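Have a look at the structure below, then the notes.
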Amino acid sequence: MSVATPIISVDGVTKRFAGPDSLMRRLSGKPPLAVHALNEVSLDVYRGETLGIVGESGCGKSTLARCLVRLLDPDGGVIRFEGKDISHLKPSERRLFNRRVQMIFQDPYSSLNPRMTVSQILGEALFVHKMRPKGEIPNRIAELLELVRLPQDAAGRYPHEFSGGQRQRIGIARALAVEPDVIVADELVSALDVSVQAQVVNLLLQLQEQLHLTVIFVAHDLRLVRHISHRVAVMYLGQVMEISTSEALFTSPRHPYSKALLDAAPELDPAHRSRTAATRGELPSPLNLPPGCPFAGRCPHTFDRCRVERPMLTSRGPEHRAACHLTDFGAVDASI
Ligand SMILES: Nc1ncnc2c1ncn2[C@@H]1O[C@H](COP(=O)(O)OP(=O)(O)O)[C@@H](O)[C@H]1O
Ligand code: SF4
Ligand SMILES: [Mg+2]
């Protein structure tokens, strides 16, 4: 996969927001604080893969997802779609981009217009992007309902008549209506009951294979990410700490933070449950980023260099990169 050209490449992307107390600070003459939501994030997404993005709440996952679909503009760095900078698209290219890269939101309750029937919701998406001549729209709606395994009589009903899982299926159908190449799913199932989560994630997995979609699956639940992703990026305080194949990440993490995250997720491996590493120390505020490694305050392996020099992502093997000064962390000794 490494020789393939990425469909999306994120190159040194930075995004800051005004801090919560910036007005107070301004009034008292202090410079405004900034939330460093993304701090030079770089990663590639390949056509036809599912890339999982994981990390604790507040680490910048949604900000990255929003930058990827142009709901937010980065302050620095470049995002390219098929090699083109998405912040400099011509109007016609922008319309095409908006069709080909679709976001599915976390909250199925607020992302669907309560006054429109499912048929109207899907019909609108088909109409806006001129996906089908008018006469073919009812057939296409029927196909879409079948694709997401909703009954045909769903077409005439309103969002409130469905369960959370069904509403998420409607959201998926709406995204698929415009035949996208890329789906960005931000916490797709987090608002759903655990029993329903697997059904929706399995549906997305099947659709990804069937339609050769590229999926960016953003979630804080490691179990779901492992299940669905070919590769996984682990984020911490607006930075990518590790990126690798799902298999390598979950069996032999090469970054102390990924290791801590796995240790703190008992459902992944109850035999090795540990509460020490991940929950040790406070999560530093993105308002006050430490100068060196963002994980230095919580890492059990911190040494002098970690506090002054930010580690960059470097190779740990094929398809595997980690940002840690301990380049041999988690390495299996080949001589044994
Ligand atoms: N619109 C915004 N204004 C100010 N701060 C924001 C905004 N959106 C996100 N943030 C801050 O940016 C950081 C990253 O947030 P977010 O991307 O939502 O993280 P995640 O999705 O991983 O939980 C957090 O500190 C959050 O409070
Ligand atoms: S760079 Fe240092 S503080 Fe950061 S994860 Fe590696 S060992 Fe820990
Ligand atoms: Mg989020």
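Rule-based calculations on the coordinates, nothing more; no lab input. The structure displayed is predicted, hence computed values, not measured ones. Reconstructed Cβ throughout: ideal geometry from the backbone, glycine too, with neighbour counts over all protein chains shown.
Remark: the residue 57-residue 113 segment gains 17.4 nm on full extension, using 0.36 nm per residue and subtracting the alpha carbon distance. Note on residue 259: aspartates and glutamates with a C-alpha under 14 Å away, same-chain residues under 8 apart excluded, are 56, 242, 247, 269, 328. Once you reduce region 35-113 and region 225-260 to the center of their Cα atoms, the two points are 19 Å from each other. From the helices alone, meaning DSSP H stretches of at least four residues, give me the mean residue ellipticity at 222 nm for the chain, per-run term -39500 (n - 2.57), in deg cm²/dmol to the nearest 500. That calculation yields -9000 deg cm²/dmol at 222 nm.
Per residue, the convex hull spanned by the alpha carbons of the chain comes to 166 Å³. If the chain linking residue 127 and residue 11 were pulled fully straight, counting 0.36 nm for each residue of separation and taking away their Cα-Cα distance, it would gain 38.3 nm.
Using a Förster radius of 25 Å, what is the FRET efficiency between residue 305 and residue 331 based on their Cβ-Cβ separation? Nearest 0.05, please.
On the way: r = 18 Å, r/R0 = 0.74.
The calculated FRET efficiency here is 0.85.
Dividing the Cα radius of gyration of region 212-255 by its Kirkwood radius returns 0.95 for Rg/Rh.
Remark: spin-label model distance residue 158-residue 94 equals 3.4 nm, labels positioned 7 Å along the Cα→Cβ axis. Pull up the cross-link candidates among the aspartates and glutamates for residue 84, meaning alpha carbon to alpha carbon under 18 Å and not fewer than 8 places away within one chain. Once the sequence-local aspartates and glutamates are set aside, what remains near residue 84 is 11, 44, 73, 75, 93, 181.
Annotation: peptides 217-223, 255-261, 294-300, ranked by per-residue average of other Cβ atoms within 10 Å with the highest first, follow the order 255-261, 217-223, 294-300. Bridging of residue 30 to lysines at a Cα separation below 26 Å is possible for 15, once same-chain residues fewer than 8 apart are set aside.
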